[in-house]
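Below is one structure, written out as structure tokens; comments come after it.
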Amino acid sequence: MKEIEIWLRSSSIRNIKFQHRLQLIESLLVLPHITRDILKYVNLTEQQIRQYYEFPVEELLRTEEWLEDKNHHFIHYKHDAYPDYLKECMASPLYLFASGNIKLLGQVQLAIVGSRSCTYYGKYWAKVFASGIAKHNIAVTSGLALGIDAIAHQAALLANGMTIAVLGSGLENIYPRENVGLYEQIIDRGGLAISEFTLATPPKGCHFPRRNRIISGLSVGTLVVEGSLRSGSLITARYALEQNRNIYAVPGSLHSPASTGCHWLIQQGGLLVKEVADIIEDLHLAHPSVLYPPFNSLNFAESDKVPLPFAHLLANVGDEVTSVDVVAERAGQSVPDTVIALLELELTGWIAAVPGGYVRLRRASHVRRSNVFV
């Protein structure tokens, strides 16, 4: 515990550069005792010495008790399990608290992030990409937030894959509270949760941009499913750009505010992705552990050759929510007949019922809108 105490107390010293802090810690670790005179000798000011000793004792005791669980870990910058990818980043965290399978830190990871207030379209594609990525021996890393983050974690688990949650609060103060069950499920299923914040740290607005740099820093690339220009997912993507990591973006409707951030990323050179294979083909040369070739397209490429019922009706269901009345009017048929046909299309997986109508899930090149838009 003496080693951990030195790391924790040293983290509370302000106005000291990262490399100088590491040198200070290395110097203190070899000493049998640490006194104020020794801290003066290693060139700390009186104020910095006070900061060293002001680290809360109750937090040290809490950490010591927490680490008694074999599933809990304290991973400092010099620890064997500290990820090399994270060391390459600017402002690397000095240490990480970790709960779960720390071997995942050495796994190839892809960050999947997006809006908390996601649309049905975003939810659907987050599931598709997260489950597909998880099946290719890649860990899905995200922030345990509501919306796309939570969906990505859940989809990876349902695919029996690996997932890592990076928190913006302490590991004994899970946020958001709605995702406590998901957090526990991640740990129970062999996943991992990490945080650079001490155990009792509450969530604060300034913590989440800091959390985002770790999400992108751990990962070989970042996939943004949905996000506005001012969203946290765009902050993660900008960190990824600074860290020279791959950027992937799922395009959406030009009318959807939720996709403006993705479209901006594509304009900046991010890779537009329409299926999991796009990402796998981009990664496998640099990362041999990624399973290759990609599995069959999740966009149902074979559907172009497969006859489907009510093609004229399907052509009039859009990516945005389309009401039954509008579909019927576009197709030029009665509402009762339209309802029956839409139900069959839903059962065969072409569309999905959502509040207010239906949205398109799959496309086929032989399906073309033949009627005039209303």
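Quick notes
- Filter result for the condition that a residue is within 16 Å of the chain's Cα centre (by Cα) and more than 26 Å from Val128 (Cβ to Cβ), over Ser195, Ser219: Ser195
- The set of residues in the range 193-218 that are in contact (Cβ under 8 Å) with a residue 40 or more places away in the chain and hydrophobic (A, V, I, L, M, F, W, C) comprises Ala193, Ile194, Phe197, Leu199, Ala200, Phe208, Ile214, Ile215, Leu218.
- From the options Tyr239, Tyr292, residue that is in a loop (DSSP other than H, G, I, E, B), of a type outside the set (Gly, Ala, Ser), within 19 Å of Leu110 (Cα to Cα) and in contact with a helix residue (DSSP H, G or I) (Cβ under 7 Å, 6 or more places away or on another chain): Tyr292
- Hits in the range 249-260 - residues which are without any contact (Cβ under 8 Å) to a residue 40 or more places away in the chain and either among the acidic types (Asp, Glu) or not in a loop (DSSP other than H, G, I, E, B) (or both): Ala249, Pro257, Ser259, Thr260
- Close Cβ contacts (under 6 Å, 6 or more residues apart or on different chains) running from residues in the range 173-192 that are closer than 22 Å to Thr63 by Cβ to residues that are of a type in the set (Gly, Ala, Ser) and in a loop (DSSP other than H, G, I, E, B) comprise Asn173/Ala200; Tyr175/Ser169.
- In the range 25-48, the residues that are within 20 Å of Leu94 (Cα to Cα) form Cβ pairs under 6 Å with partners that are surrounded by 11 or more Cβ atoms within 10 Å (Cβ to Cβ) and among the hydroxyl-bearing types (Ser, Thr, Tyr), at six or more places apart or across chains, as follows: Ile25/Ser10; Val42/Ser27.
- For the criterion of being more than 20 Å from Asn212 (Cβ to Cβ) and either surrounded by fewer than 24 Cβ atoms within 10 Å (Cβ to Cβ) or free of Cβ contacts under 8 Å to residues at least 12 places away in the same chain (or both), Tyr85 fails.
- Qualifying positions in the range 101-122 - among the charged types (D, E, K, R) and either modelled with pLDDT of 95 or more or in contact with a strand residue (DSSP E or B) (Cβ under 8 Å, 6 or more places away or on another chain) (or both): Lys103
- For the range 25-56, the set of residues classified as among the aromatic types (Phe, Trp, Tyr), modelled with pLDDT of 95 or more and open to solvent by 60 Å² or more (accessible area, probe 1.4 Å) consists of Tyr53 only.
- Yes/no for Pro209 being touching a helix residue (DSSP H, G or I) at 6+ places or on another chain (Cβ under 9 Å) and open to solvent by 10 Å² or more (accessible area, probe 1.4 Å): yes
- You will find that of Lys103, Lys123, the residue that is of a type in the set (D, E, K, R), touching a helix residue (DSSP H, G or I) at 6+ places or on another chain (Cβ under 7 Å) and closer than 30 Å to Glu275 by Cβ is Lys123 and no other.
- Every condition in (1) farther than 16 Å from Gly147 by Cβ; (2) in contact with a Cys (Cβ under 7 Å, 6 or more places away or on another chain) is met by His207 except one, and the failing one is (2).
- Per-region count, the range 1-24, residues in a helix (DSSP H, G or I), without any contact (Cβ under 8 Å) to a residue 24 or more places away in the chain and surrounded by fewer than 16 Cβ atoms within 10 Å (Cβ to Cβ): 4
- Val317, sole failed condition from (1) part of a helix (DSSP H, G or I); (2) open to solvent by less than 60 Å² (accessible area, probe 1.4 Å): (1)
- In this structure, Leu146 does satisfy being surrounded by fewer than 21 Cβ atoms within 10 Å (Cβ to Cβ), outside any strand (DSSP E or B) and hydrophobic (A, V, I, L, M, F, W, C).
- Scanning the range 109-131 for residues that are over 12 Å from the mean Cα position of the chain (by Cα), buried (at least 23 other Cβ atoms within 10 Å of the Cβ) and small (Gly, Ala, Ser) turns up just one, Gly122.
The values are calculated or read from the model by the stated rules, or taken from the named source; none is laboratory data. It should be emphasised that the depicted structure is a prediction, and the values quoted were computed from it without experimental measurement. Quick reminder, even Gly has a Cβ in these numbers, built from the backbone with ideal geometry, and neighbours come from all protein chains shown. Protein only, heavy atoms only, side chains kept; ligands, DNA and RNA dropped before computing areas. Shrake-Rupley method; radii C 1.70, N 1.55, O 1.52, S 1.80 Å.
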